[in-house]
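The values are calculated or read from the model by the stated rules, or taken from the named source; none is laboratory data. Computed from a predicted model, the values in this text were never measured in an experiment. No Cβ is skipped: glycine too gets one built from the backbone with ideal geometry, and neighbour counts run over all protein chains shown. With ligands, DNA and RNA removed, areas are computed over all heavy atoms of the protein, side chains included. Shrake-Rupley method; radii C 1.70, N 1.55, O 1.52, S 1.80 Å.
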Amino acid sequence: MTVPYFEDPETTREEILAAAYRALRTHGYADLTIQKIGDELEKSPSLVYHHYENKDDLLVACLEFMLEQFESEMTTDGIDDPRRSLEAFLEGAVPVEEDPDRTEFARALLELRVQAGFDPSYREHFVRSDQLFQDRIAAIIRAGIAEDVFQECDAEQVAATLFTLLTGGFVRQATTDHGEWALAVRAEIDEYLQERVYRS
């Protein structure tokens, strides 16, 4: 899967980050080396070392770059349709139909998320990114309440619940075959939203 943020790199730094993502996707975290990133970049590994100390330094920078781009989009894009915005989050994490590209991205991201259990740099990133995504869901819910299309509810509490469910769906998407579980989970989440969030 090509991540949109890496499709047209404009600087050497962005070229290196894009190459790191492609190399991670190809080789996996355990077998990834600066040499392999350099090969993907089609330039000497010394160029990579000129910008980044090691592969973890580079991969955390890759994560931060993607998050910065997403955060920039969130600040410029309004919430015109709260229900549609919320459902877009659901489809991203628990797709009803199999999407090989999305699964490939989920697997690459999960490999980095696992490192958060051992490496403070990864942990710091995912703590921040989780909060950002959860805050976005809460903002969507508050917008829906303000427009009277959502029920009165605790937006932060609902957002925390939904994001935790979506994170589980993302992990399962990355580590198992697509199956009936996705349909079952989406149906149950929809039931929750009908009961707790959406107005009839």
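Restricting the search to helices (runs of 4 or more DSSP H) fully inside region 39-107 and requiring at least 2 residues that are more than 18 Å from A18 (Cβ to Cβ) gives 55-76, 82-93.
On inspection, D177 fails the criterion of being at pLDDT 95 or above and surrounded by fewer than 16 Cβ atoms within 10 Å (Cβ to Cβ).
For region 131-143, the criterion of a residue being of a type in the set (A, V, I, L, M, F, W, C), within 12 Å of the chain's Cα centre (by Cα), closer than 17 Å to F65 by Cβ and surrounded by fewer than 17 Cβ atoms within 10 Å (Cβ to Cβ) is satisfied by at least one position. Any residue that is part of a loop (DSSP other than H, G, I, E, B) and either touching a helix residue (DSSP H, G or I) at 6+ places or on another chain (Cβ under 9 Å) or within 20 Å of D81 (Cα to Cα) (or both) - is there at least one of those in region 136-146? No, there is no match, as no residue in region 136-146 is part of a loop (DSSP other than H, G, I, E, B) and either touching a helix residue (DSSP H, G or I) at 6+ places or on another chain (Cβ under 9 Å) or within 20 Å of D81 (Cα to Cα) (or both). Say whether the condition of being in a helix (DSSP H, G or I), on the phi < 0 side of the Ramachandran plot and either touching a helix residue (DSSP H, G or I) at 6+ places or on another chain (Cβ under 7 Å) or touching a residue at least 40 places away in the same chain (Cβ under 8 Å) (or both) is met by at least one residue in region 193-200. So far as region 193-200 goes, yes, one or more of its residues are in a helix (DSSP H, G or I), on the phi < 0 side of the Ramachandran plot and either touching a helix residue (DSSP H, G or I) at 6+ places or on another chain (Cβ under 7 Å) or touching a residue at least 40 places away in the same chain (Cβ under 8 Å) (or both). Within region 26-45, being at pLDDT 90 or above and among the basic types (K, R) holds for one residue alone: K36. Taking the criterion of being within 22 Å of A159 (Cα to Cα), modelled with pLDDT of 90 or more and polar (S, T, N, Q), no residue of region 46-84 qualifies.
If you go through region 151-164 one residue at a time, do you hit one that is charged (D, E, K, R) and touching a residue at least 40 places away in the same chain (Cβ under 8 Å)? No; the residues of region 151-164 include none that is charged (D, E, K, R) and touching a residue at least 40 places away in the same chain (Cβ under 8 Å).
Looking across region 6-55, the residues that are closer than 18 Å to R107 by Cβ and open to solvent by 50 Å² or more (accessible area, probe 1.4 Å) come down to R22, R25, T26, H27, A30, D31, K36, E40.
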